[in-house]
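The values are calculated or read from the model by the stated rules, or taken from the named source; none is laboratory data. Predicted model, so just to flag it, every value in this text is computed and none were measured. Reconstructed Cβ throughout: ideal geometry from the backbone, glycine too, with neighbour counts over all protein chains shown. Just the protein is used for accessible areas: all its heavy atoms, side chains included, with ligands, DNA and RNA removed. Shrake-Rupley method; radii C 1.70, N 1.55, O 1.52, S 1.80 Å.
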Amino acid sequence: MADLKLAIIGCGNPNRSDDGVGATVINVLRQTDLPDYVTLYDAGTDGMGVMYAAKGSSHLIVIDARAPEGKPGAIYEVPGEILAAPKEQSMNLHDFRWDHALYAGRKIYGDEFPEFVKVFLIEAQALELNIGLTEKVAHAATEVIQQVHSLACSPNLDWSSE
């Protein structure tokens with residue numbers, strides 16, 4: 001366990017209702033007892049920040065909202081390698097998201113980037129300017145908090161068989 005280092009990163013904009021679910025999860029997890037090998041980050045909408053925060057970790061969990069598609073509060077747990085995507089060429093780093101960070105981090109940092117990555121996406125109901133989560137997304141966030149906490153406290157973080 002000496003090389004075990006888990007980064008848990010919440011993404012999104014808390015000023016846009018359910019898009020703030022990643023920050024909400026991180027804020028609640030900060031109030032819990034987590035092992036010393038766990039580090040929590042609220043990356044907001046900074047994809048580059050995700051890449052830098054993940055560097056040096058063996059494991060990574062990302063939590064974010066998913067665009068509304070008719071199932072608000074639905075939880076999707078996806079292996080990171082499925083969602084990692086190269087960023088299209090542009091001069092604008094504001095469009096560099098966490099999925100780009102997963103791809104670029106692996107390319108840039110190689111073995112210094114987490115080998116094991118899980119992503120929890122919670123389908124949003126509302127993304128307009130507003131503070132606070134909708135009821136269904138808040139309920140889903142509670143479930144994700146429990147799942148992430150359980151993963152973080154597991155004595156065996158071997159995700160290779162999943």
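In the range 20-34, the qualifying residues are those that are open to solvent by less than 10 Å² (accessible area, probe 1.4 Å) and touching a residue at least 60 places away in the same chain (Cβ under 8 Å), and the one that is farthest from residue 72 (Cα to Cα) is 29. For residue 69, the requirement of being out of contact with any Cys (no Cβ under 6 Å at 6 or more places or on another chain), surrounded by fewer than 21 Cβ atoms within 10 Å (Cβ to Cβ) and closer than 25 Å to residue 107 by Cβ is not met.
Of all the residues in the range 54-68, those that are more than 11 Å from the chain's Cα centre (by Cα) and not in a loop (DSSP other than H, G, I, E, B) number 2. Among the residues of the range 1-60, the one identified as of a type in the set (Asp, Glu) and in contact with a Pro (Cβ under 8 Å, 6 or more places away or on another chain) is 18.
Scanning the range 117-138 for residues that are over 18 Å from residue 15 (Cα atoms) and in contact with a Gly (Cβ under 6 Å, 6 or more places away or on another chain) gives 117, 119. Here residue 118 does not fit the description of being surrounded by fewer than 20 Cβ atoms within 10 Å (Cβ to Cβ), more than 17 Å from residue 45 (Cα to Cα) and not acidic (Asp, Glu).
Only residues that are modelled with pLDDT of 95 or more and under 21 Å from residue 142 (Cα atoms) were counted in the range 44-66, giving 7.
Inside the range 9-53, residues that are over 11 Å from the mean Cα position of the chain (by Cα), part of a helix (DSSP H, G or I) and over 19 Å from residue 102 (Cα atoms) make up a count of 8.
Annotation note: of 17, 57, the sole residue that is surrounded by 13 or more Cβ atoms within 10 Å (Cβ to Cβ), among the polar types (S, T, N, Q) and under 26 Å from residue 131 (Cα atoms) is 17. When residues in the range 111-130 are screened for being in contact with a Phe, Trp or Tyr (Cβ under 6 Å, 6 or more places away or on another chain) and modelled with pLDDT of 95 or more, 1 of them pass. Is it true that residue 74 is under 13 Å from the mean Cα position of the chain (by Cα) and modelled with pLDDT of 85 or more? So residue 74 fails the test.
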